[in-house]
Each structure stands twice: as structure tokens, then as C-alpha cells.
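See structure below.
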Amino acid sequence: GDPDAPGLTVIEAPTGFGKTWLMRRAAPADALRLRGEIGPLGDEPLGHQALVIDDVQQLDDEAVRTLVERLEDSSGDARVTLDGRFLPEQLHEVAHLLDGQILDTSALAISAEETVDVLPELARLVAYQVVQTADGSVKLVATALDQWRRDPAQDVVAIVAHVSRSASAAALQQLDAADGVLVGLLARTPGLDQSLLASLGGADFVRRALEAGIPLRRQVTGDVDVLDAPFYRAHE
């Protein structure tokens, strides 16, 4: 209900950064909530409603085009929140066009301070190492801390590293050899733009990587890189 709130908020981060959790708590109680679809927007304009769409990466091209049109044609009274692992480029463009707010992986990453607030018995230096190893993923940090609470004799940083490596290995097994090499290249660079990725791996490389579970993220500059880079960098 805040009249100064942005008309469009875009939340983009890999799985495990609390996007859905945040959406459930931050969106107005009367918001129309959708998941991977545009619902009534396929046939009618936004109007003055509050709208929340989770898992926007599941929208097909036609739905994305319609959603962009509805956002561009909005009177400005609507409050729209979109979230997904990796959002279509058109939605980033319209977010900039409408002076919307974009919350990315860095904005959603948990900090060592927040970790210590929840678990005061954890040394701050250890908390920092946990967060760094987890790349700020709330899910990874919470999983490791839960295991550590059950058995404080374990090395909590090693727990994070093991869980992260296991997830990365499982994701790589879902890709063919050529895509695996490209993920390794991403892990060795500060970031590549999407057009270069498309020329190297085909137009659907990002979609294939995301479906396999590779944690791709978009930088502020628009370039793409991969979380948990040390493991993917070591991949043959």
C-alpha cells in the first residue's frame, strides 16, 4: 500500500536464496499470486491490482511478450513483483524502463552478521567462512548449520563444501560434455554476455544449464557467471 513503492520489483537468483520465502512475506495480502503463468493477464490489462508471479523462468515466449506489454501499458498504480532463477532479458529491460527495483543474487545473499545473529555460538570468523563457501546461499548455510547443531564436533565449513560439491556434481551429470565444458569456462571467467554464450552453446544453453541445476547468476553488468565457481573450475 506504500504509494512510494516501486511499481515493478524483479527478484532474480539461483535456487536457495529465499526468493519465494521473501515473496510470501513482502507481497500485499490481497495480491493475485501466480506461479509460472500470467493467468488473467493473457486477456486483460493489469489495472490497479497487486500481482505476484513466482518462477517466471517457466513462462513461454508468448507469455513473456504479453507480460511485458501489460507492464508497459500499466497506468502506474499496479504493484507487480516477479521472481525467478534467471529472468528473460525483456523483463530486465522493462524493469529499467519503468524505474523498477531489481534484487539480484548479491542483494539476497545472507551475511556472516545475519548468521551469527541467528546462531550466536558460531564464531564470527567461522560464520564468514561458511557464508563465503556457500556463496551466500541461505539454503546451503541453513542446511550446514542444522547438521552442525546436531553434531558440533563436525567442521561446519566442510559440511557446506561437501553439500555444495555434491549438488554441483549432480548438476554436471545432467549436461552433455559440450555444455559441461562451457560451464567450466564460465567458472574461469569474470562473466560472459548472453550473446557470446548463445554463440558458444546455442540459444538454449542457459535454459539447459538451469534445468540441470547449474546455479547461473546475472551480474549487475548483465554478464552471466556461475556460483560455486571453484568446483566447476576444477571440472575437466
>> Taking 8 Å as the Cα distance limit and 6 or more residues as the minimum spacing, I'd like the relative contact order of the chain as a percentage.
In response: 19
> Could you work out the helix-only [θ] at 222 nm for the chain, with each DSSP H run of four or more residues adding -39,500 (n - 2.57) and the total divided by the number of residues, to the nearest 500 deg cm²/dmol?
Replying inline: -14000 deg cm²/dmol
>> I'd like to check one number: the per residue accessible area of the chain, probe 1.4 Å, reported in Å² as a whole number.
In response: 52
> Which of these, 75, 111, 164, has the largest mean-square fluctuation under a Gaussian network model of the chain (Cα springs below 10 Å)?
Replying inline: 75
> Assuming R0 = 45 Å, what is the FRET efficiency of residue 178 and residue 20, from their Cβ-Cβ distance, to the nearest 0.05?
Replying inline: 0.90
> Would you list 121, 72, 12 from the most to the least accessible area, probe 1.4 Å?
Replying inline: 121, 72, 12
> By how many nm would the segment from residue 29 to residue 68 grow when fully extended, if each residue of separation counts as 0.36 nm and the alpha-carbon distance is taken off?
Replying inline: 11.6 nm
> Rounded to the nearest 5, what is the percent of antiparallel bridges among the DSSP beta bridges in the chain?
Replying inline: 20
>> Under the rule of at least 5 residues apart or a separate chain, name every residue whose amide H is placed under 5 Å from the amide H of residue 102.
In response: 10
> Fully extended, how many nm does the chain gain between residue 151 and residue 111 (0.36 nm per residue separation, minus their Cα-Cα distance)?
Replying inline: 12.1 nm
> When the accessible area of the chain is split by element with a 1.4 Å probe, what percent falls to carbon and sulfur?
Replying inline: 51
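The values are calculated or read from the model by the stated rules, or taken from the named source; none is laboratory data. Since this is a predicted model, take the numbers as computed values, not measurements. With ideal geometry, Cβ positions are generated from the backbone for all residues, glycine too; neighbour counts draw on all protein chains shown. When the accessible area is computed, the model is the full protein with side chains, heavy atoms only, and any ligands, DNA or RNA have been set aside. Shrake-Rupley method; radii C 1.70, N 1.55, O 1.52, S 1.80 Å.
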